1. If only one of 62, 81, 10, 54 is at pLDDT below 80 and either on the phi > 0 side of the Ramachandran plot or touching a helix residue (DSSP H, G or I) at 6+ places or on another chain (Cβ under 7 Å) (or both), which one is it?
2. Restricting to segment 257-274, name every residue that is surrounded by 17 or more Cβ atoms within 10 Å (Cβ to Cβ), in a helix (DSSP H, G or I) and over 22 Å from the mean Cα position of the chain (by Cα).
3. Quick one: residue 132 ticks every box in (1) part of a helix (DSSP H, G or I); (2) touching a strand residue (DSSP E or B) at 6+ places or on another chain (Cβ under 8 Å) bar one, so which box is it?
4. Please go through (1) buried (at least 21 other Cβ atoms within 10 Å of the Cβ); (2) under 22 Å from the mean Cα position of the chain (by Cα) for residue 363 and return the number of the only condition it doesn't satisfy.
5. Please return the ranges of helices (runs of 4 or more DSSP H) entirely within segment 164-241 where 2 or more residues are at pLDDT below 80.
6. Tell me whether segment 423-436 contains one or more residues that are at pLDDT below 90 and under 20 Å from residue 298 (Cα atoms).
7. Consider only pairs whose beta carbons are under 6 Å apart and that are at least six residues apart or on different chains; among these, list those whose first residue lies in segment 150-171 and is over 24 Å from residue 228 (Cβ atoms) and whose second residue is part of a loop (DSSP other than H, G, I, E, B) and at pLDDT below 90.
């Protein structure tokens with residue numbers, strides 16, 4: 001009864017237009033106020049306990065690193081390198097550039113919103129100018145932004161590891177192969193959809209008038225982007241090698257981005273750094289507010305034995321653990337239509353992790369799958385953050401993109417189902433490195 005009332009209050013507040021973070025908090029407070037078994041001090045203790053974590057300090061540092069990379073021009077250099085590497089060889093060259101750039105930038109910021117905003121602001125106008133339809137450009141940019149939460153570092157993997165007491169390093173490594181599979185899948189869909197629309201837009205020359213041989217363009221663009229490409233190696237190497245925690249790796253990312261921008265490229269000054277810091281503070285405050293309120297919500301679910309309630313209802317349908325996991329993934333996919341991915345993970349990570357252990361799934365395999373399916377909500381209306389960012393940049397209504405993005409999201413969902421049955425694709429790298 002308490003669980004049903006909690007969700008009824010939450011979705012009711014959402015229907016009235018209340019922001020997600022406050023809807024989560026107010027719904028939790030209503031339950032605490034009317035349930036005599038709940039103690040008032042839980043509010044403050046859980047609220048602050050949710051954000052009182054050394055691991056979560058990695059979040060503002062990764063956001064700051066992404067902001068510095070964008071401000072210093074590292075993002076544009078990544079796009080240029082991807083442009084030279086794949087742009088001129090394929091009929092939908094800029095779509096490939098978009099996806100590859102997201103893969104490369106994912107290793108710096110770890111933030112799906114930073115990835116989508118940075119790539120979108122550079123590539124959506126370029127794709128429209130070259131003749132791509134705006135809905136196609138937005139769909140490619142939004143769905144490729146999900147790669148940022150799989151290829152390490154990843155803010156969402158940090159969150160999931162912190163909430164479930166799993167190794168962040170192993171989660172990082174577990175996301176590598178799925179991230180590449182996501183990218184290849186998006187390229188296939190982009191190609192098929194591009195052919196159906198008659199696109200044939202190869203990038204014939206990166207600088208239009210440079211006239212340089214291809215190998216020279218490739219070397220120059222690689223040199224310019226090399227610092228950005230080294231940053232993820234430092235981050236992941238530090239964590240996996242045991243030389244740095246995720247938070248310390250975030251500090252290293254900031255230091256690398258700042259040094260590159262100030263001393264190598266000379267595109268950063270103190271004013272730019274201040275502006276990047278200000279944007280980071282705003283984004284961090286939003287994320288931390290969601291974390292704090294969602295932790296309270298999650299605690300109420302756990303206290304009311306939500307995981308056993310959900311598992312018991314699923315067992316009425318089937319006793320097969322893959323059917324159980326499929327229904328859980330379907331639930332997360334549907335909830336993603338109305339919930340922000342960060343809030344959803346914080347609300348459900350702990351109880352769903354307990355279900356995964358009960359069902360006998362490898363915790364790293366299970367955790368990566370949960371994150372992957374949760375990510376799809378960022379590309380689905382009406383609350384799809386990445387979709388809204390892309391539509392804002394392209395200047396088109398959300399309704400115009402829904403049909404196009406459904407092809408990409410559908411393909412990603414099929415990948416999640418495939419990986420559910422092939423855990424080795426996720427656990428291979430962590431097992432290889434950590435000897436699990």
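The values are calculated or read from the model by the stated rules, or taken from the named source; none is laboratory data. Being a predicted model, the structure only gives us computed values, none of them experimental. Glycine also receives a Cβ, built like all others from the backbone with ideal geometry; neighbour counts cover every protein chain displayed.
1. Residue meeting the stated conditions: 54.
2. Those that are surrounded by 17 or more Cβ atoms within 10 Å (Cβ to Cβ), in a helix (DSSP H, G or I) and over 22 Å from the mean Cα position of the chain (by Cα): 258, 260, 261, 262, 273.
3. Condition not satisfied by residue 132: (1).
4. Status for residue 363: all satisfied but (1).
5. 214-240
6. Among the residues of segment 423-436, not one is at pLDDT below 90 and under 20 Å from residue 298 (Cα atoms), which makes the answer no.
7. Hits for this filter: 162/53.
Residue by residue, here is whether (1) part of a helix (DSSP H, G or I); (2) free of Cβ contacts under 8 Å to residues at least 24 places away in the same chain; (3) under 21 Å from residue 157 (Cα atoms); (4) in contact with a helix residue (DSSP H, G or I) (Cβ under 6 Å, 6 or more places away or on another chain) holds:
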residue	(1), (2), (3), (4)
276	yes, no, no, yes
285	yes, yes, yes, no
296	yes, no, yes, yes
314	yes, yes, no, yes
319	no, yes, no, no
322	yes, no, no, no
